[in-house]
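Reading through the structure tokens given below for one structure.
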Amino acid sequence: MILKTIIDLDNNYYLEIITNTIDLPADGIDIENLKLINILKEKRLLLKVNFNNFSKKQYKKLLKRLLFIKKIISKSKTKIGKSEDLKILLGYIINYDENNKEQNDFVLAINAIIAYNTRYKQYRYIYDTVCNYLDGHFYGKNVCDFKDNHCPVTANTSTITGCCKHFKYRWLGPLSKLVVCEHLNKDYTCGVKCIGCKLYTCHYLEKKGIKFRIKDFLLLDAFFNPLQKYVIKYMVYTPRDKVIKRLMKISFFS
Ligand code: SF4
Ligand code: SF4
């Protein structure tokens, strides 16, 4: 029995990795040549993703096209992938480098489009995936160089919570006061998934060469419109579900 090398996607889908193009099955449509009419005629969407056939610059455009096609074919009798061994083969992946972050982000984006059938579920998956990536970058690594409970920016202050604090408006007395964020856990982790906070980097981190922009994340860049991107960046101190609710409300043209 020949063992297949696969990439598991969510909801039972998977991609088969082809290392030798001689073994490439004849079926499947190149992702860079997706035509709705052909897919509807075939009554099946089976993908071929050959990373040598298109450049990183085309990723966003190809994903938008795949998203559009998925929306249309979901309302028809067209099948997505083909059933194999209790799972669903979505297609083949060729010239794939598992250490290439851009390629992996492209696969995650395909997963978001194919494995999730509603916009809300797609947004939740994207949001969680990006949050987990950013957490992996910070948690347990002392990126902010905390020493004796102070980060360098707050070294000469009484604050021991880094930048997890914000102004709270009051009806009486001075208009506002600076308070520790109500979502900060006792172990100094964040109790809510707030992507805006996680994307924030102060001048100290930027000097260290750490800066996150929305356009650096294919999942954020390809799926959200400019207004949504603004919300993602600036809706700080806010739990995930509240942010997603807002993103849903302004999801036109995305
Ligand atoms: S981002 Fe900057 S201000 Fe916030 S905890 Fe890290 S070093 Fe301190
Ligand atoms: S919501 Fe933002 S400010 Fe509050 S604990 Fe989480 S990361 Fe810190």
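The values are calculated or read from the model by the stated rules, or taken from the named source; none is laboratory data. Computed from a predicted model, the values in this text were never measured in an experiment. Here the Cβ is made from the backbone with ideal geometry for all residues, glycine too, and neighbour counts use every protein chain on show.
What's the total number of residues in the range 143-165 that are closer than 20 Å to GLU206 by Cα and within 10 Å of ligand 1 (Cβ to nearest atom)?
15
Suppose the filter is in the same structural domain as GLY136 (by TED's automatic domain parsing), under 23 Å from the mean Cα position of the chain (by Cα) and more than 10 Å from ligand 2 (Cβ to nearest atom); does PHE167 pass it?
Numbers: in the same structural domain as GLY136 (by TED's automatic domain parsing): yes; under 23 Å from the mean Cα position of the chain (by Cα): no; more than 10 Å from ligand 2 (Cβ to nearest atom): yes.
It is false that PHE167 is in the same structural domain as GLY136 (by TED's automatic domain parsing), under 23 Å from the mean Cα position of the chain (by Cα) and more than 10 Å from ligand 2 (Cβ to nearest atom).
Mind listing whichever residues of the range 143-160 are away from ligand 2 (no atom under 16 Å from the Cβ) and under 30 Å from LEU220 (Cβ atoms)?
ASP145, PRO152
Of the residues in the range 5-60, how many are surrounded by fewer than 17 Cβ atoms within 10 Å (Cβ to Cβ), acidic (Asp, Glu) and either part of a strand (DSSP E or B) or touching a helix residue (DSSP H, G or I) at 6+ places or on another chain (Cβ under 8 Å) (or both)?
Counting residues in the range 5-60 that are surrounded by fewer than 17 Cβ atoms within 10 Å (Cβ to Cβ), acidic (Asp, Glu) and either part of a strand (DSSP E or B) or touching a helix residue (DSSP H, G or I) at 6+ places or on another chain (Cβ under 8 Å) (or both) gives 4.
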